[in-house]
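Chemist: What follows is a structure written as structure tokens; I'll ask about it next.
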Amino acid sequence: MRVKSTWHKTQVKTIDDIAGALAFNAWRITKNHLEDLINEAYVIEKEQVFNVIQEYLCYLIQCVDRLSFDILDAKKRQELVIALAKQSADYYHENKGERIGPGDHWNEFIKTYNARSKDYSDYEFKDGEPNYLFMRYFGEKIQHAMTEVDEKWIIQQMVEIQAPKAFKSIEKSVNDLVSVEQIISKEEKVIKKKNKIPRSKRPSTRQDITYKNESSSDNIV
């Protein structure tokens, strides 16, 4: 699946367009961070992998929510976060179904997301970035997904390295993806498409060259 990480600034995009690209990027960031943790010799068992994935996606969605505060109005911001959470749940459901087996993975993710969203609301961004308590909460949730041998070290790893790194990656995605000429809702897109004048009926902008009528005496014989 190919999704653009940035668009031309003159383009018009819907909330769903942006949410889809952000969901793809959040999933990619999460996979990269799983590899980071494994390369650092942290033990993540098969069942634990998706617990870690859940926490990463919830953290990244919360970062998007805060980052979009000064970019989108309240309605579009809410639409973006809801669409992003749902599309992240799609990725989670599909991949967990393939790796672990059938189950109600979509609702499992949404239930976790709702709980985390409520908890993250108690923590703040400082100077445009998640503060220590915001990142520590993320680290604590990752800790619960780790083996006992690793759990005492993971919070420091998350707060000092992984959480800031993940934030910077999703921040770049947000800045790139919302820097378009106009962001509209799905309903606005439908109306816009309905009112669009067909190309065949648009007035021409061609400036034809006009010729003077010449008399027969001016013609070359």
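The values are calculated or read from the model by the stated rules, or taken from the named source; none is laboratory data. Keep in mind it's a predicted model, so treat the numbers as computed, not measured. When we count neighbours, we look across all protein chains shown, and the Cβ atoms used for this are built from the backbone with ideal geometry, even at glycine.
Chemist: Looking at the stretch 67-89, I want the residues that are free of Cβ contacts under 8 Å to residues at least 40 places away in the same chain and over 23 Å from GLU129 (Cβ atoms) and have a partner that is hydrophobic (A, V, I, L, M, F, W, C) and part of a helix (DSSP H, G or I) with Cβ atoms under 7 Å, at least 6 apart or on another chain. Which pairs are those?
Modeler: ALA89/TRP106; ALA89/PHE109; ALA89/ILE110
Chemist: Next question, about the same structure. State whether the residues of the stretch 189-203 include one that is modelled with pLDDT under 95, under 21 Å from the mean Cα position of the chain (by Cα) and surrounded by 15 or more Cβ atoms within 10 Å (Cβ to Cβ).
Modeler: Step one: filter the stretch 189-203 for residues modelled with pLDDT under 95, giving 189-203.
Right, trim to under 21 Å from the mean Cα position of the chain (by Cα) and you get 189.
From the residues that got through so far, the ones that are surrounded by 15 or more Cβ atoms within 10 Å (Cβ to Cβ) too are 189.
For the stretch 189-203, residues modelled with pLDDT under 95, under 21 Å from the mean Cα position of the chain (by Cα) and surrounded by 15 or more Cβ atoms within 10 Å (Cβ to Cβ): present.
Chemist: Can you find a residue that is under 21 Å from LYS46 (Cα atoms), polar (S, T, N, Q) and touching a residue at least 60 places away in the same chain (Cβ under 8 Å) anywhere in the stretch 111-119?
Modeler: For the stretch 111-119, residues under 21 Å from LYS46 (Cα atoms), polar (S, T, N, Q) and touching a residue at least 60 places away in the same chain (Cβ under 8 Å): absent.
Chemist: If GLU151 passes every condition in (1) touching a helix residue (DSSP H, G or I) at 6+ places or on another chain (Cβ under 8 Å); (2) surrounded by 17 or more Cβ atoms within 10 Å (Cβ to Cβ); (3) at pLDDT below 95 but one, which one does it miss?
Modeler: (2)
Chemist: Just one of ILE29, ILE61, ILE44, ILE38 is in contact with a Leu (Cβ under 7 Å, 6 or more places away or on another chain), in a helix (DSSP H, G or I) and over 17 Å from SER117 (Cα atoms); which is it?
Modeler: ILE29
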